[in-house]
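Inspection log for the structure reproduced underneath, given as structure tokens.
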Amino acid sequence: MDIEGFRKAGYAAVDAICDYYTNLSKRTVKAEVQPGYLIEQLPREAPSTGEDFATVAADFQSLILPGITHWQHGKFMAYFPAISTFESMIADLYATSVSNPGFNWVCSPACTELEQVTMDWMAKILGLGKEFHLEQGSGGGVILNSASEAALTAAIAARETALRELTSSEPGSTVSGGTFDVPDDLRAKYSPKLVMYGSTQTHSLGEKAALILGLSFRAVPVAAADGYALRGDALRKAIEEDVKKGLIPFYVIATVGTTSTGAVDRIDEIGQVVSEYKTISLHIDSAWAGVALALEDQRAFLRLDDINRYATSFCTNMHKWGLVAFDCSLFFVRNRKALNLALDATPAFLRSKEADTGTVIDYRNWQLALGRRFRSIKIWFVMRSYGVKGFQDHLRVGIDQCQQLSKLITASSSFEIVTPPSLSLIVFRLGGAALPADTLPAERNLLNTLLNNRLNARYDVFLTQTMLHSADQEDVFCIRIALGGRTTTMQDVEEVWAVVEEEGEAVLKEWRDQKA
Ligand SMILES: *Cc1c(COP(=O)(O)O)cnc(C)c1O
């Protein structure tokens, strides 16, 4: 394709995207296709000679779109939203137009410096303390691809911090201030004993980080009575048991806004426990909820003061509720030097005059991979177009819709709210007056599973289920409605709720008929 070809195809693509958004509400939210639908329609070999690009682009409409689940649809209320905005789409286009791997400052100074500035913007917008700012503090932020990568990166830094702490007092220790100066034999001696902690509500990223590092992850139980939040005492008990066994706690993941119910772990209590152990780093996973720290009136609920006091690192995703198209995960650390010590590996060909003299940041030392995408331009375009106020207004819409939905659920005699609404997430189930008080937990779960199956069989709504495990109650199967999507209106919310009620009544009728 030449420049004129690009101009033509580019205009056509933007037109097609505009048409897609104009007509999005007429589509069903879920893809109405069966497994293999696309594979059946595609040739098994790539074409040997090039095709006309207009044909290629047309196939996006005819072959791909039918197999797309519309995450930008107003009735998408599954998982969490993964919002896109026109501003971030255009930013992605510009980023790819200057495609480069941006690992060192010198690769493209703008990529590094825009990330430094926009990450400090975000730290301030979210109310993170000065320590997490690059310009004024000892820490700073980096954009990663996912909250999972952030948790793994934090774990690697935490391991290095713990190994340095453990070995610096060993006879003959060479630990000073440089990378790789924990000797291999001491690394081998302590590494197998390291344990990380989260709760039974921690996202699977905790287990995954442990798997990748070959370490163990301990899921500390939570109680329904605590709203499924991790408490300090439970964590302390687990840690003390492990210490007695000769194990070494080194990393705790606390969640602010769990995936299942939006629970906020007791960072105050957890922080207190963690601060008693020099080897432990505390990572806050706030992948979904963290952006709501932009709202001053949510900061107490999200425990911002405790985060600022105790957290070693903090992560939130702009690519969920934060108006930036996937991917854009913000990872802030209190001590950038500790992170760099764990991840800096610099062969001669990666050295540069600017980095050697310490005047610039090389973001490759803040992450796992070498190359990196130019993601800060998405934040820059979005935050400048919306302004902090526009960003806050967007967040408030989802929270407000959730409050209104919670009233609808409360007013219904057949449903009950399982945990208090958390920001824009609500978790509910069939229950309340519709079920006799002596209905067994297993039967309640079964009825809700039947409801979930009915909802899953529909294409016009998309919700997801969860199972809540706790130490003080039987497992609770329930359904989540995750609001906050950019195109979701209150009418969408009401229509989805009407579908849930209709299917719920059908489940109850069948159940009653069977019993009669
Ligand atoms: C969504 C979510 C994750 C996973 O985020 P990725 O960026 O896809 O890795 C992790 N933790 C919580 C609490 C989440 O809600």
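The values are calculated or read from the model by the stated rules, or taken from the named source; none is laboratory data. The structure presented is a predicted model; accordingly, all values stated were derived computationally and were not measured. Here the Cβ is made from the backbone with ideal geometry for all residues, glycine too, and neighbour counts use every protein chain on show. Accessible surface areas use protein heavy atoms only, side chains included; no ligands, DNA or RNA. Shrake-Rupley method; radii C 1.70, N 1.55, O 1.52, S 1.80 Å.
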Inset, instruction - List every residue pair whose Cβ atoms sit under 6 Å apart, with the two residues 6 or more apart in sequence or on different chains, where the first one lies in segment 135-159 and is at pLDDT below 95 and the second, anywhere, is more than 13 Å from the ligand (Cβ to nearest atom) and in a helix (DSSP H, G or I). - result: GLU135/ASP120; GLN136/LYS130; GLY137/LYS130; GLY137/GLU131; SER138/GLU131
Legend entry - Single residue of THR69, THR85 found to be of a type in the set (Val, Ile, Thr), buried (at least 19 other Cβ atoms within 10 Å of the Cβ) and under 27 Å from THR259 (Cα atoms): THR85
Legend entry - Where VAL56 falls short, out of the listed (1) more than 21 Å from LYS8 (Cα to Cα); (2) away from the ligand (no atom under 16 Å from the Cβ): (1)
Legend entry - When residues of segment 139-153 are limited to those that are near the ligand (Cβ under 8 Å from one of its atoms) and assigned to a loop (DSSP other than H, G, I, E, B), the one least open to solvent (accessible area, probe 1.4 Å): SER146
Inset, instruction - Quick one: which residue in ARG351, ARG334 is outside the structural domain of LEU483 (by TED's automatic domain parsing) and at pLDDT 90 or above? - result: ARG334
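Does segment 208-219 include one or more residues that are open to solvent by 20 Å² or more (accessible area, probe 1.4 Å), of a type in the set (Gly, Ala, Ser) and touching a residue at least 40 places away in the same chain (Cβ under 8 Å)?
Of segment 208-219, the ones open to solvent by 20 Å² or more (accessible area, probe 1.4 Å) are 208, 211-219.
After this cut, where a residue has to be of a type in the set (Gly, Ala, Ser) as well, the list is 214, 216, 219.
Cutting the leftovers down to touching a residue at least 40 places away in the same chain (Cβ under 8 Å) gives us none.
Scanning segment 208-219 turns up no residue that is open to solvent by 20 Å² or more (accessible area, probe 1.4 Å), of a type in the set (Gly, Ala, Ser) and touching a residue at least 40 places away in the same chain (Cβ under 8 Å).
Test LEU163 against the stated conditions and say whether it is modelled with pLDDT under 95 and buried (at least 20 other Cβ atoms within 10 Å of the Cβ).
The answer is yes for LEU163.
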Inset, instruction - Read through the list (1) buried (at least 16 other Cβ atoms within 10 Å of the Cβ); (2) not in a loop (DSSP other than H, G, I, E, B), then give the number of the only condition that GLU241 fails. - result: (1)
Inset, instruction - Could you list all residues from segment 340-375 that are open to solvent by less than 30 Å² (accessible area, probe 1.4 Å) and more than 21 Å from ILE143 (Cα to Cα)? - result: SER352
